[in-house]
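Since the structure comes first, as C-alpha cells, the remarks are kept for the end.
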Amino acid sequence: MITIVYFAWVRESIGHDEERVERPAPGVTVADLIAQLATRGGGYAQVLSDPAKLRAAIDQRFVPLDTVIGDAKEVALFPPVTGG
Amino acid sequence: MITIVYFAWVRESIGHDEERVERPAPGVTVADLIAQLATRGGGYAQVLSDPAKLRAAIDQRFVPLDTVIGDAKEVALFPPVTGG
Amino acid sequence: MKRVAIQSADFDVATELAALEALGGGGVASFTGIVRGEGGLIALELEHYPAMTAAQVDRIVDEALARWPLLGVNIIHRFGRLEPGARIVFVGTVSRHRTAALESCAFLIDWLKSDAPFWKKEHFADGATAWVAARAEDEAKAKGWTA
Amino acid sequence: MKRVAIQSADFDVATELAALEALGGGGVASFTGIVRGEGGLIALELEHYPAMTAAQVDRIVDEALARWPLLGVNIIHRFGRLEPGARIVFVGTVSRHRTAALESCAFLIDWLKSDAPFWKKEHFADGATAWVAARAEDEAKAKGWTA
C-alpha cells in the first residue's frame, strides 16, 4: 500500500485529504496513477482529467509527473504552489 | 564674505569647523580656494595640499572641485563621505 | 543562528529582530509579508503540506547559508485563516555586511513566494471563495537565482 | 508615509515597523545597520553635515518614491558616538508587492552607505582613533542604481 495525499482544490474536489491505495506496479508513473484515479469519476475525474494543472511530490520531494513511483511511501497531488 | 565649513579629519586638522572668509573673486573655483587656504600652512597645509583626497559641497550640494564658487553662501570641504 | 517555524500563531517581529540584531553582524535585513484586504477580501486561508514544508524551508535556508556569509537566518511562515493586515511570513537575515543580508533575504522570500508548498484560498465579503493561481512571474523570479 | 529622521537618539524598530505594516501594503522590507565590535573597536563616532543631510536624504527618498510604487518609506540615521551593538541606520519600505519593497530598501541603504554626508571615526580599546576611508565598492554599488 502507498499513501496519496491531496491539497488545495484537488483535496476539496476529491473530498478527503489522504487515502491508502494498492502499491502501483513497477514502472508506473505519477501520471499513470493520476489517469487511473481519474477513472473513478466524480470529483476525481473533475480535477485529475487535466494533469497539466497538477503538480506532484514523491516522499515530500517535488517531482515531474513522469516520475516512476517505485517504492515510494507517499505521493502528493496538488495545484502549483502559491507560496506565502 | 562666505562661510567655509569643515568636516571629519579636515575639521580636526584645521582646528575649527567653520569660518568666514572674503568672497572669492569671480571665476575662482573650489580647487583655487583650497590652494589658497593651504598657503596658510600648519593644519591647513597638512590636509589641503592633496586635493585628490578632498570632496566639496557648495550650498549643501556636492560639486566637483573645479566648480566656480560664484555667489554661493557656503562652501564645505571634507573627505569622501563614509555613510552610515 | 538558524530558525525555521511553520506555525498558525502570529509572531512578534520586534522579538525576532532583536535576536538577529544581537548576533554581532553589521546588517539585519528583513521582509514581512502581510495580507492585503483588496477587492472585498475578508480572509486568506493558507494550506500547506506539513510533512514537506519544514524540510523544504530548511533546505533552502541551508542553500542561502552556503551562498552568503550569514550569521543568522530566521523564517516564520504562518498557515490557517489570516485576515487583512495579518502577517503571513517573515524572513530575517544577518551578515557582517549589508549586501549579503539584503540579497539572501530577497532570495529566501522569492523562494517562499514561489516554491514553498503553500496554497492560498481567498474568502470574499460576498461569500465567494477562490484558490489563488500560481503566478508565472514568481516562478521566473525564483528561477533567476539559479546559477 | 514618508519619514526621514537624522538623530542622535536610538529608535525602536518595532514601533517603526508597526507603522509601516499598518499602511495596507503586502510587503514590508527593512534594513538595520549595527555597529560591529571588531578589531578592538569600542565606539564609532558619526559626524554629519546637518544643513545637508536631511535635504539629501529627503531627495533620495523622493527618487525612490518616483522609481517604485511605495506606500511608505521610513529612514532613520543616527549620529554621535555609538558603541558596538548600537543601531546606526534603519530603512523601511512598504509596497503592495515584495519586489518594490525589497529593491527600494536596497537602493536606499546603498545610497546612505555611500553618498550620505556622514563620516565615521573609529575609537579603539588602546586609545587609537582612525577615520574610516570611503570604500570604492560602496561607490560602485550606489552608481549601479543609476539608469
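Read-outs throughout are calculated quantities, based only on the coordinates presented, and are distinct from any laboratory measurement. Source: prediction; values computed, not measured. Heads up, the Cβs are rebuilt from the backbone with ideal geometry, glycines too, and the neighbour counts pull from every protein chain shown.
Over the Cα atoms of segment C:2-144, compute the convex hull volume and normalise it per residue, giving Å³.
103
Given label points at 7 Å from Cα along Cα→Cβ, what nm distances, shortest first, separate residue B:22 from the same residue in every other copy?
Counterpart label points of residue B:22 in the remaining copies fall at 10.8 nm.
What's the percent breakdown of Cα-Cα distances in chain A across 5 Å bins, shortest bin first?
Going from the shortest bin to the longest, the percentages are 3, 16, 29, 29, 17, 5, 1, 0.
List, shortest first and in nm to one decimal, how far the label point of residue C:15 (7 Å from Cα along Cα→Cβ) is from its counterparts in the other copies.
2.1
Report the GluC sites (Glu not before Pro) located in segment B:1-57 that are in a DSSP loop and have at most 15 other Cβ atoms inside 10 Å of their Cβ, or state none.
Those satisfying the criteria are B:22.
Just to confirm the number: angle between the C-alpha axis of helix D:98-115 and the first principal axis of chain D, 0 to 90 degrees, nearest 10?
The angle comes out at about 30 degrees.
Mind listing which trypsin sites (Lys or Arg not before Pro) in segment A:46-78 are in a DSSP loop and have 12 or fewer other Cβ atoms within 10 Å?
Those satisfying the criteria are A:73.
If I model a spin label at residue A:32 and residue D:66 as a point 7 Å from the Cα along the Cα→Cβ vector, what separation in nanometres do I get?
6.3
Nearest 20 debye, what's the magnitude of the dipole of segment C:2-144 about its Cα centre given +1 on Lys and Arg Cβ and -1 on Asp and Glu Cβ?
In total the dipole reaches around 320 debye.
With a ≥ b ≥ c the root eigenvalues of the C-alpha gyration tensor of segment D:31-82, is it rounded (a/c under 1.5), prolate (a/b larger than b/c) or oblate?
oblate
Other chains near D:21-27: what is the mean number of their Cβ atoms within 10 Å of each residue's Cβ?
Average per residue, whole number: 5.
With only Lys, Arg, Asp and Glu charged, each at its Cβ (+1 for the first two, -1 for the last two), find how big the charge dipole of chain A is about the Cα centre; round to the nearest 20 debye.
Here the size comes out at about 80 debye.
Please turn the phi angles of segment B:18-31 into ³J(HN,Hα) values with the Karplus equation 6.51 cos²θ - 1.76 cosθ + 1.60 (θ = phi - 60°), one per residue in order, whole Hz, x for glycine and proline.
After applying 6.51 cos²θ - 1.76 cosθ + 1.60, I find 6, 7, 9, 10, 4, 4, x, 5, x, x, 6, 9, 4, 4 Hz.
At 20 °C and 1.002 mPa s, what whole-number value in µm²/s does Stokes-Einstein give for the translational diffusion of the protein assembly as shown, with Rh from the Kirkwood sum over Cα pairs?
Approximately 85 µm²/s, per Stokes-Einstein.
Give me, ordered by chain and number, the residues 5 or more places off residue B:70 or on other chains with an amide H under 5 Å from its own placed amide H.
B:27, B:28
Tell me, what HN-Hα J-couplings in whole Hz come from the Karplus equation 6.51 cos²θ - 1.76 cosθ + 1.60 at θ = phi - 60° for each residue of segment C:62-69, using x for Gly and Pro?
My calculation for segment C:62-69 gives 4, 5, 4, 5, 7, 8, 10, x Hz in order.
Arrange the following residues from fewest to most other Cβ atoms within 10 Å of their Cβ: D:77, A:16, C:48.
The order, fewest Cβ neighbours first, is A:16, C:48, D:77.
Once you keep just the Cα pairs under 8 angstrom separated by 6 or more residues, what percentage relative contact order results for chain C?
33
Please average, across the residues of C:29-39, the number of beta carbons from any other chain that are within 10 Å of each residue's own beta carbon, and give a whole number.
6
Can you give the relative contact order of chain A as a percent, counting alpha carbon pairs under 8 Å and 6+ residues apart?
Details: 151 pairs, mean separation 31.7, N = 84.
Relative contact order, chain A: 38 percent.
Please list 3J(HN,Hα) in residue order for segment B:45-61, calculated via the Karplus relation 6.51 cos²θ - 1.76 cosθ + 1.60 where θ = phi - 60°; whole Hz, with x for glycine and proline.
Computed from phi, the couplings for segment B:45-61 are 4, 4, 9, 9, 7, 10, x, 4, 8, 10, 10, 9, 9, 10, 6, 6, 10 Hz.
Less than 18 Å from a label point 7 Å out along the Cα-to-Cβ axis of residue C:133: which backbone N atoms in segment A:60-84 qualify, by residue?
Residues A:78-83 fall inside that zone.
With +1 assigned to the C-beta of every Lys and Arg and -1 to the C-beta of every Asp and Glu, and no other charges, what is the dipole magnitude of the protein assembly as shown about the Cα centre in debye, to the nearest 20?
With Lys and Arg at +1 and Asp and Glu at -1, about 200 debye.
Of all the residues in chain D, which one has the C-beta that comes nearest the axis relating D to C, and what is the distance in Å?
Here the nearest residue and distance are D:14, 2.
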